[in-house]
Structures are given as C-alpha cells and as structure tokens.
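Written below as structure tokens is the structure these notes are about.
The values are calculated or read from the model by the stated rules, or taken from the named source; none is laboratory data. Since we're looking at a predicted model, the values are computed, not measured. So basically every Cβ, Gly included, is an ideal-geometry build from the backbone, and we count neighbours across all protein chains shown. Areas reflect the complete protein model, heavy atoms only, side chains present, ligands, DNA and RNA absent. Shrake-Rupley method; radii C 1.70, N 1.55, O 1.52, S 1.80 Å.
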Amino acid sequence: SKGEYRHYMLKEIYEQPTVIAAALEGRLGEEGVLVESFGPEAAALLQQARQIHIVACGTSYHAGLVARYWLERYAGIPVQVEVASEYRYRDVVVPEETLLVTLSQSGETADTLAALRFAQNKGYLSSLAICNVPGSSLVRESDLCLMTRAGPEIGVASTKAFTTQLVALMLLTLATARAKSRSVDPAILSALRKLPDLCRQVLGLDREIEALSQAFAEKQHALFLGRGAHFPIALEGALKLKEISYIHAEAYPAGELKHGPLALVDSEMPVISIAPNDDLLGKLKSNLQEVRARGGQLFVFADEGVGIDEQEDTRVLHLPHIHEALAPLLYTLPLQLLSYHVAVLKGTDVDQPRNLAKSVTVE
Ligand code: F6R
C-alpha cells in the first residue's frame, strides 16, 4: 500500500535509502566487493572477459550508460551499451571473450528478452542479468544474475529500480576491477557504505525541490545538461519529466550545447544542470555561462563547494559532497523529486501516466 504517501512513486523515491542498503547487504567485504555475489564462477569469468556489451530499454538503458563510464574508468574494460530494440535487429559483431549484461527491472521486457535470446548463439563468454524480479524470464534464461532487491515497484516511472541498478553496476565495476587485479580508490568503498545516509540527506531537500517545481508547471519544454557519467543522469531526468508531467524534455551532454540546442534557449526554456564537484566542473560552468548569455533560466543541482551561486537567472540547490564515482546515484534523487512535484502541480496521473505500461511485454 501507499501508506502515508500520496502516490506510489513518492513512496518508492523515499524507499531508496533502504533498498540501496539492501542492494549492498552481504556483498561487500573488508577488502572490497565479494565477487561470489555474482555466482560461483564469476571471478574466473570476469578475469577472462575482455569487453562487455550492455543491453536494456528505457530507464534501465540509462543505468547501462552510466556503467560504461564506470567500467571503462575503474575496471579498464571496453564497454558498449545499446537499446535492446536496436541491438536485436543489428548484425552485431561479438569479439572473443565478451560478457553480455542485460538490465531490467521486470525481467519480462520483450525486446530485452529477445536480445538475450538473439545473443545466445553469438559466441558470448557468458550472460549476466541485473534484474529486480526473482524468477523472471530474464533471470531464468541468463547464466549469471545479480538481483537489485528494490522490492516491488508499482509506479510506472522507474525510480528505486534505477538507483539499485546503479548500485549493482558499481558492484560489477568493482568486482571486475578486482578480478583484473586493478586497484581502485578505497574511498569508493567507504562512500558506497555511506550512500544510504547521503540519500536520506538529499530526500531532506524535498521541500526546496517542491518550491522549485513551480517554475516548471507552465513550461512547454525543458533542457537537461550533464557531462561525463552525469549525461545519462540528465537523460534519465528528462525521461522522468516527460513521462509523468508530459512536458517535452531533452537531455544533452553540456558540451553539445553549441552544436545546436543553444538555438532553443530563451527565457521560456528552463535549463536543468547537474554540477557535482568533478574534473569537468570548469567546462560545465562555461556551458552554463553560454545559457545565461541567451537569457536562459538555470536550475543547478550542485555540490556544496563548487562556487555556483544564486543569481536572478540561476537557482542553485546544493547537495552534500560525495565521492565523484557515486555522484550519479545521488544526483538522480532531486531529478526524480522535481518531476514528481511538477506532475502533481499539473494534476497528471503520476503512478499511471497516459499511454504507458509498467512492463512492456510486447514489442
Ligand atoms: C521509465 C520506465 C521504462 C522502463 C523500460 C524497461 O520510467 O520505467 O523506460 O525502464 O520499459 O523496463 P525494464 O527495466 O522492466 O526492462
């Protein structure tokens, strides 16, 4: 039941500290990720793997895009990510020793399942499903699986399923690094352990995010900007806003702005930007200046210490500092809350948006 919450989506957003802790439970040891969490043969398989193909749809695809940044940076393994409906109809060339990873909340998405079946005679090393529903078709038909443990997700717009997928993908990143004897910053491990608490702190910003949402209720369009692993988070923010509030939203890597979308920017175009404290911050700040110079209205979710200040055309909401590796997880939460509050203001059916189904079991 929804309990004290007005919608399932809100309840599921608020469950994230708890389900993220569940996704980590028993999977971290003193030395790092317990590779056996992925199955008894996982250590040998991850050591053998020379590249990874990730296949998924929708929000799950966005989680895959984040994982590409993580796996290449921290585990040094080449990664390709593709939406299942394209992958399954393409003449995919599979190099030797490639691991296939499918991502799905339901484990029943028709295209993702068909992609897995299509992959079965392509010579993959093995297949791993990262999935939320035990016993689902995807789990049954894959060689290995890691459950995301988000619990039932009722709201059509995926929230806690996404953040627990990201946790699972960070575990995969650390397990792969370990299998390949690559050292990773131990601070990532301690940040993972602190993640549920940091998420709780971010949920404490709900009132402020609700206040921000008023600026969007009358808008027709919105632009989301991020760089690096926050580009997929911008994509996910835009998807949430369009799904439940029916506002047309697009996401761009901030560096692409001047290659076209800047032409759309005027005072009627709110621009939402994600500004954690990482080595792309300087570049992002100059992209934001380009938006200001065209009269755009900026809404920035930023790390405490980044020096982006409120101005007449710039609203800033500060998030607690987090290790840059895990920032994509934390910055997802304010975007979920923002689209939720915009949808409530617009009076749309938050849990059951028009034209959408929770589980897309037909092509
Ligand atoms: C968006 C959303 C969809 C799903 C997509 C894949 O909020 O929920 O985009 O992510 O239909 O579903 P699963 O993860 O069940 O394969």
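Against the conditions (1) surrounded by fewer than 18 Cβ atoms within 10 Å (Cβ to Cβ); (2) in contact with a Pro (Cβ under 6 Å, 6 or more places away or on another chain), LEU65 satisfies every one except (1). Every condition in (1) surrounded by fewer than 17 Cβ atoms within 10 Å (Cβ to Cβ); (2) in a helix (DSSP H, G or I); (3) in contact with a strand residue (DSSP E or B) (Cβ under 8 Å, 6 or more places away or on another chain) holds for PRO232 except the one numbered (1). Take ALA249 and tell me if it is modelled with pLDDT under 95 and either touching a Lys or Arg at 6+ places or on another chain (Cβ under 7 Å) or surrounded by fewer than 20 Cβ atoms within 10 Å (Cβ to Cβ) (or both). Spelling it out, it is not the case that ALA249 is modelled with pLDDT under 95 and either touching a Lys or Arg at 6+ places or on another chain (Cβ under 7 Å) or surrounded by fewer than 20 Cβ atoms within 10 Å (Cβ to Cβ) (or both). With respect to the stated conditions, ALA177 fails to be aliphatic (A, V, I, L, M), surrounded by 19 or more Cβ atoms within 10 Å (Cβ to Cβ) and either within 11 Å of the ligand (Cβ to nearest atom) or in a loop (DSSP other than H, G, I, E, B) (or both). Considering the conditions (1) modelled with pLDDT of 95 or more; (2) outside any helix (DSSP H, G or I); (3) open to solvent by less than 60 Å² (accessible area, probe 1.4 Å), LYS240 is excluded by exactly one of them, (2). Residues in segment 77-123 that are open to solvent by less than 40 Å² (accessible area, probe 1.4 Å) and over 27 Å from LYS358 (Cβ atoms): ILE77, VAL79, VAL92, VAL94, THR98, LEU99.
Every condition in (1) touching a residue at least 40 places away in the same chain (Cβ under 8 Å); (2) outside any loop (DSSP other than H, G, I, E, B) is met by HIS318 except one, and the failing one is (1). Residues in segment 251-267 that are under 22 Å from GLN336 (Cα atoms) and away from the ligand (no atom under 16 Å from the Cβ): TYR252, PRO253, ALA254. Identify, by number, the condition in (1) under 30 Å from ASP185 (Cβ atoms); (2) open to solvent by less than 40 Å² (accessible area, probe 1.4 Å); (3) more than 22 Å from the chain's Cα centre (by Cα); (4) not charged (D, E, K, R) that LEU329 doesn't meet. Among (1) under 30 Å from ASP185 (Cβ atoms); (2) open to solvent by less than 40 Å² (accessible area, probe 1.4 Å); (3) more than 22 Å from the chain's Cα centre (by Cα); (4) not charged (D, E, K, R), the lone unmet condition for LEU329 is (3).
With respect to being farther than 12 Å from ALA275 by Cβ and not aliphatic (A, V, I, L, M), HIS341 fits the description.
LYS283 passes every criterion in (1) open to solvent by 40 Å² or more (accessible area, probe 1.4 Å); (2) more than 11 Å from LEU225 (Cα to Cα); (3) not in a helix (DSSP H, G or I) apart from (3).
Selection of segment 10-32 for residues being over 18 Å from the mean Cα position of the chain (by Cα), open to solvent by less than 20 Å² (accessible area, probe 1.4 Å) and modelled with pLDDT of 95 or more yields only ARG27. Could you look through segment 125-137, keep only residues that are crowded, with 24+ Cβ neighbours inside 10 Å and hydrophobic (A, V, I, L, M, F, W, C), and pick out the one that is farthest from VAL362 (Cα to Cα)? Once the filter is applied, the top-ranked residue is LEU128. The single condition from (1) surrounded by 18 or more Cβ atoms within 10 Å (Cβ to Cβ); (2) within 16 Å of the ligand (Cβ to nearest atom); (3) farther than 30 Å from SER137 by Cα that HIS323 fails is (2). Of the residues making up segment 1-33, those that are part of a loop (DSSP other than H, G, I, E, B) and closer than 30 Å to TYR87 by Cβ number 1. The set of residues in segment 196-229 that are in contact with a Pro (Cβ under 8 Å, 6 or more places away or on another chain) and either crowded, with 20+ Cβ neighbours inside 10 Å or among the hydroxyl-bearing types (Ser, Thr, Tyr) (or both) comprises LEU198, CYS199, VAL202, ILE209, PHE216, ALA222, LEU223, LEU225, GLY226, ARG227, ALA229. When LEU298, LEU326, LEU288, LEU345 are screened for being closer than 27 Å to LYS194 by Cβ and either among the hydrophobic types (A, V, I, L, M, F, W, C) or not in a helix (DSSP H, G or I) (or both), only LEU326 passes. Might you let me know whether segment 140-163 holds any residue that is open to solvent by 10 Å² or more (accessible area, probe 1.4 Å), part of a helix (DSSP H, G or I), more than 11 Å from the ligand (Cβ to nearest atom) and in contact with a Cys (Cβ under 8 Å, 6 or more places away or on another chain)? Within segment 140-163, none of the residues are open to solvent by 10 Å² or more (accessible area, probe 1.4 Å), part of a helix (DSSP H, G or I), more than 11 Å from the ligand (Cβ to nearest atom) and in contact with a Cys (Cβ under 8 Å, 6 or more places away or on another chain).
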